[in-house]
Amino acid sequence: MNDITSSVGLTGDLLSLFRQSTGILETRSGEILNLHREQAFHDFDRLGVPTTKNENYKYTPLEKYFAGKYDVELEVNPFKVDVKDIFRCDVPDLNTHVILVLNGFFYSTDRQGNLPDGMIVTGLNEASLKFPALFEKHYSKYADTSLDGLVALNTLFAHDGVFVYIPKNTVLEKPLQIINLSYSDKNLRLTRRNLIVAEDNSSANIVVCDHTLSNQSFLTNSLTEIFIGNNTGISYDWLQNENGQSTHINNIFIHQLANSRFGSSIVSLHGGLIRNNFYAVLNGENSETSLNGLFLCDDKQHVANYVLMDHAKPHGTSNQLFKGILDDDATGSFNGKILVRPDAQKIQAYQKNNNILLSSTARMNTKPHLEIYADDVKCSHGATVGQMDNEALFYLRSRGIGESEARHLLMYAFANEIVSKISLPVLKERIIELVDKRLRGELSRCNDCELRCG
């Protein structure tokens with residue numbers, strides 16, 4: 001790897017940072033994690049951080065964020081935290097197996113409880129050391145470093161995160177809750193890597209919550225690979241609620257086999273810049289994927305969602321529904337592609353993106369599109385960007401409802417189509433409350449917790 005010295009600018013700076021960190025990273029990481037770094041190094045050297053010249057990132061300017069000054073933590077900070085205190089403000093009374101991740105490192109808690117026989121929940125690095133055969137079978141098999149510089153960069157710096165293994169014929173009755181916390185008195189660059197493997201005939205509900213616990217700037221490059229075996233169902237609900245100085249890139253790679261089901265609802269309540277990339281491969285007959293997203297942004301926030309839905313086998317079904325409400329000078333983008341390969345006959349694929357602009361200075365760019373190489377399929381896509389429905393507003397006001405409340409009711413009805421798809425009733429109720437507060441302007445920052453993050 002040291003023979004490459006020609007890179008300059010931001011790419012060169014990040015490669016230099018890796019060279020400075022190589023000794024610590026390789027010493028503290030398992031062999032399998034280290035094996036993938038060399039290819040990732042070459043791929044990142046070639047691709048770099050995506051610029052707006054890249055069609056997929058045209059409306060998400062990342063370079064200025066990655067060029068910022070950040071410290072890097074290569075070992076876990078001995079920060080003690082009470083999970084109950086943290087979640088008193090966000091998702092209380094959610095009976096789950098709680099997994100805590102701090103600054104990208106797995107942080108075990110005493111609330112995991114009794115897991116089913118054979119199930120594994122541990123840190124990513126620990127899994128690579130304790131279960132090398134299982135780990136190697138899946139690690140970096142679905143996230144292709146040659147296609148996206150941020151995937152390569154994550155693989156280059158990957159050191160820890162969460163590993164979940166659900167064996168065959170296992171039903172996880174209690175949801176698994178992954179709590180990602182960012183906390184520091186310095187600006188931090190974070191790398192987080194997760195691997196979730198659900199074998200045949202299994203099922204689980206997974207809840208992910210992202211939070212910042214201090215007011216510093218965090219640049220997080222996160223990547224999760226999810227393997228879903230035959231006849232297996234995974235529900236993956238996600239709440240993003242970080243401070244306005246945070247930049248968070250999420251790459252989710254989903255690989256499904258026959259008769260599998262994957263459903264995800266992601267709610268982006270707050271953050272500086274949020275970019276969610278979903279790559280779903282329906283690599284088995286009769287597989288189903290449902291991706292739903294809602295984002296609410298104001299001030300100068302930016303939220304972007306990118307989806308590549310890859311139908312590789314026949315009789316699959318996919319549904320995408322993403323909605324955004326943008327106020328002030330906020331910006332957003334949606335870029336969704338449905339790819340239907342020649343063998344994927346008789347599939348059904350639907351995609352929709354709807355957005356409301358509440359100010360004249362808010363901006364939304366949306367680009368849904370299809371790429372179809374099979375001739376017996378049903379596919380559709382559509383997108384809208386508009387203002388509040390004045391006729392509906394007039395109707396509500398004519399019934400004696402004040403303008404402010406009428407506008408709130410219309411926004412709430414717009415958002416509820418996504419929130420109603422969240423699979424866990426308790427989580428759904430809590431997110432309804434948070435969305436309601438956000439729409440009323442009562443949740444302009446993380447939440448009303450004691451930490452009072454900015």
Looking only at GluC sites (Glu not before Pro) in DSSP loops with at most 12 other Cβ atoms within 10 Å, what is the longest site-free stretch of the chain? 174-441
Taking r as the C-beta separation of ASN169 and MET388 and R0 as 41 Å, the FRET efficiency to the nearest 0.05 is 0.25
What number comes out for accessible area per residue over segment 334-436 if the probe is 1.4 Å? Units Å², please. 53 Å²
Between ARG46 and ASP343, what is the label-to-label distance in nm when each label sits 7 Å out along the Cα-to-Cβ direction? 2.5 nm
Eigenvalues of the Cα gyration tensor times 5, then square-rooted: what semi-axes does that give for segment 264-306, in whole angstrom, largest first? 28, 10, 5
Amide H of THR366 versus every other amide H placed in the peptide plane: which residues, excluding those fewer than 5 positions away on the same chain, fall under 5 Å? PHE334
Enclosed volume per residue, in Å³, of the convex hull spanned by Cα atoms of segment 108-242: 124 Å³
Subset of LYS141/LYS346; LYS58/LYS174; LYS64/LYS323; LYS64/LYS421; LYS186/LYS421; LYS367/LYS421 violating a 29 Å alpha-carbon distance limit: LYS58/LYS174; LYS64/LYS421; LYS186/LYS421
Looking at the square roots a ≥ b ≥ c of the eigenvalues of the Cα gyration tensor of segment 277-415, which shape do they give, rounded for a/c under 1.5, prolate if a/b is larger than b/c, or oblate? prolate
Only residues of segment 237-259 count here: report those whose backbone N is under 20 Å from the spot 7 Å along Cα→Cβ of ASP144, or say none. 250-258
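Considering only protein heavy atoms and a 1.4 Å probe, what is the carbon-and-sulfur percentage of the accessible area of the chain? Present the calculation step by step, with values, prior to reporting the outcome.
On the way: 8480 of 18330 Å².
Whole-percent figure for carbon plus sulfur exposure: 46.
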Please report the spacing between the Cα centers of segment 119-170 and segment 397-443 in Å, no decimals. 37 Å
Tell me which trypsin sites (Lys or Arg not before Pro) from segment 155-192 have a DSSP coil assignment and no more than 15 other beta carbons within 10 Å of their own. LYS168, LYS186
FRET efficiency, 1/(1 + (r/R0)^6) with R0 56 Å, evaluated for ASP117 and LEU10 via beta carbons: 0.70
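With a sphere of radius 15 Å drawn around the Cβ of ASN292, what net charge do the other residues whose Cβ falls strictly inside it have (Lys, Arg +1; Asp, Glu -1)?
Residues close to ASN292 contribute a combined charge of +2.
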Kirkwood Rh over alpha-carbon pairs of the chain plugged into Stokes-Einstein at 37 °C, 0.692 mPa s gives a D in µm²/s of 146 µm²/s
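The values are calculated or read from the model by the stated rules, or taken from the named source; none is laboratory data. Nothing here was measured: the structure is a model prediction, and the numbers come from that model. As a convention, Cβ positions derive from the backbone with ideal geometry for all residues, glycine included, and neighbour counts pool all protein chains shown. Protein only, heavy atoms only, side chains kept; ligands, DNA and RNA dropped before computing areas. Shrake-Rupley method; radii C 1.70, N 1.55, O 1.52, S 1.80 Å.
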